[in-house]
1. Mind checking which helices (runs of 4 or more DSSP H) fall wholly inside region 214-322 and carry at least 1 residues that are in the same structural domain as ASP384 (by TED's automatic domain parsing) and farther than 22 Å from GLY399 by Cβ?
2. Kindly check whether there is at least one residue in region 83-90 that is assigned by TED's automatic domain parsing to the domain that holds TRP190, in a helix (DSSP H, G or I) and closer than 20 Å to VAL183 by Cα.
3. Would you say GLY293 is of a type in the set (Gly, Ala, Ser), surrounded by 12 or more Cβ atoms within 10 Å (Cβ to Cβ), farther than 22 Å from VAL363 by Cα and touching a Gly at 6+ places or on another chain (Cβ under 9 Å)?
4. Of all residues in region 65-108, count the ones that are of a type outside the set (Lys, Arg) and either in contact with a Cys (Cβ under 9 Å, 6 or more places away or on another chain) or more than 20 Å from ARG142 (Cβ to Cβ) (or both).
5. Please tell me if LEU90 is touching a Leu at 6+ places or on another chain (Cβ under 9 Å), modelled with pLDDT of 95 or more and not hydroxyl-bearing (Ser, Thr, Tyr).
6. I'm checking my understanding of the structure. Among residues of region 198-211 that are surrounded by fewer than 18 Cβ atoms within 10 Å (Cβ to Cβ) and in a loop (DSSP other than H, G, I, E, B), which one is farthest from the chain's Cα centre (by Cα)?
7. Any chance you could count how many residues in region 132-189 are acidic (Asp, Glu) and within 18 Å of GLU61 (Cα to Cα)?
8. Among the residues of region 384-411, write down those that are without any contact (Cβ under 8 Å) to a residue 60 or more places away in the chain and hydrophobic (A, V, I, L, M, F, W, C).
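The values are calculated or read from the model by the stated rules, or taken from the named source; none is laboratory data. Worth saying up front: this structure is predicted, and the values here are computed from it rather than measured. We place every Cβ from the backbone using ideal geometry, glycine too, and count neighbours over all the protein chains shown.
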Amino acid sequence: MTYFFTLLDDSLRPRGSRDPLGLELIWAGVGRRMIGNLTTVTAQLDNFTFALLGFHFARDERGVPQWERFQCFEQLTGYARAQLGRADGLLGRRKIRQQQDLDPLPFGARAQAAILDNQRQAGMWGLYASALEASGLLGRERRATPEGLTMAGRLAPGKAPAWLGKAFDPASAGMSQAEFAQVVDSVRGWLRPRAARRALADWLLAGGAQAPEMQQVLKERAQAYLGADGQACSVRRFLASLQDAPGPLQAYARRVEQIDHVCIFANVVFYGILGCHGKDRAAIVRDHLAPLGAWPGMEQLRLPAFPEVKGRHWAERARRLGLFAAAMARGDHAGALDALVGHHEAVATARGGAPWCHWEDGVLKVVSSGAAKAWPARQDLAEDFEAWAEPRTMDFFLGSFLAVMQQSTFDGRQPGAAAP
C-alpha cells in the first residue's frame with residue numbers, strides 16, 4: 001500500500017470530480033453581494049501583509065512587480081515567518097519547515113528552492129492578488145495603487161532593507177544563515193506595528209471603493225458578533241445573528257440562511273445516495289429519503305429568489321436545485337430524487353465529465369461510490385441539529401471575512417486575553 005502525505009491538487013482530479021452539485025457557483029454568487037473582495041483562500045492577515053509588501057518591494061523601475069523578485073521575497077520571508085512562530089496559513093509551510101535549517105537557504109527558481117509545486121499559482125502571487133485588487137490596493141499588472149503604496153509604507157516604514165539586494169540578484173541562489181538573520185529582523189519588524197496591521201484589516205473588511213453596500217454594515221455586525229473574546233467564529237451562527245441587522249442586510253441574510261439550508265440538505269442526500277448502488281427508487285425513498293422528513297424546517301425547505309444575482313448559469317443551476325427542494329418539502333421524495341440526480345448530471349455534462357451516478361432501468365448506477373457518506377442519524381436531526389449542520393454550512397466568503405477580523409482584533413494575543 002502506498003501513502004501520500006500531501007494535499008491533493010484539484011487541477012489533477014478527473015474532470016467534474018469537484019463540487020458535483022455545482023453548489024460553489026450558487027453560494028459564491030450570493031456571497032458576492034455581501035463581500036466583494038475576499039475569497040475562500042484569502043483568510044490570513046499575515047499573508048495579506050506580506051503579499052502587499054512583496055508587490056511593493058518587487059517593483060521594477062516602471063513600478064510593475066516582477067515575478068522572479070516576488071518569488072524570492074515570498075520564500076525568504078516565509079522562512080522567517082516560520083522561524084518566528086507565525087506559520088499559521090503560511091503557503092508552502094511543509095517544504096519551508098523541511099528546508100529552514102539549511103545553510104545556505106535556497107531561494108529563487110531552482111527546483112531545490114521550491115516551496116510549492118506551482119508557487120506562482122498556489123502562492124501569494126496567484127491567490128492574494130485578486131483580493132488586493134478588488135480592495136483597491138493593487139491595480140493592473142499588480143501595481144500598487146496610491147492607497148496600496150501608503151498602506152505598504154505604514155507596514156514597512158523607512159528604507160527598503162539591504163538584504164533585498166541579494167534576494168533580487170539573479171546571480172544569487174542561496175543565503176547563509178548569518179545573512180538570513182537580517183531577513184528575520186525585518187519580518188519581525190513588519191509584524192510588530194499593530195496599528196498598521198489593523199488599518200490593513202479595516203481596509204480589507206470595508207472592501208474598498210467598489211464594495212457592496214451591505215459590506216460596511218456587515219463589518220460592524222461582525223465586530224459585535226466576535227465580541228470581547230473572539231471564540232465564536234462560525235459562519236452559520238453569524239448568519240443567525242444578523243436577524244436584527246439594520247437595513248437590507250437583515251432580509252438578505254435571512255435568504256442566505258435559507259439557501260444554505262437547501263445546499264446542506266442537497267449535499268446530504270447526494271452523498272448519501274452514492275452509497276445506494278443497485279437500489280431502485282422505491283427502496284431509496286423508503287430507506288433513506290422518507291426518514292429525512294424529521295429534518296428541522298422541512299416544510300420551509302425552498303430556494304428563495306435572488307434577483308440581485310445575475311447570470312444565466314447561476315439562474316439555471318439555482319432553478320434545478322429549487323425543483324429538488326420544493327419536491328422534498330411537499331413530500332414528493334421520488335420526484336426530489338429524480339430532480340437531484342438530473343441536476344448533478346447537468347452539472348457534470350456541462351463540465352465535460354461523466355456523472356457520478358445515473359438511472360439505468362429504474363436502478364441507480366453509481367460510478368464514484370468511494371465518495372459516499374453516511375446518512376445522518378436520527379439523533380443528529382432531533383437532538384442538536386445546529387451543531388450537526390454547522391461544519392456543513394456553505395462559506396459565502398464569510399469564513400475569510402470573520403477570520404481576518406478575528407486576527408486583527410486579537411493580533412498578538414490569544415482570544416479571550418485582556419487587551420494590552
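1. 248-273, 281-284
2. Yes: one or more hits.
3. yes
4. Number satisfying all stated conditions: 22.
5. Judged against the criteria, LEU90 is not a match.
6. Across region 198-211, the extreme among qualifying residues is ALA209.
7. Looking only at that region, the number is 2.
8. The answer is ALA387, TRP388.
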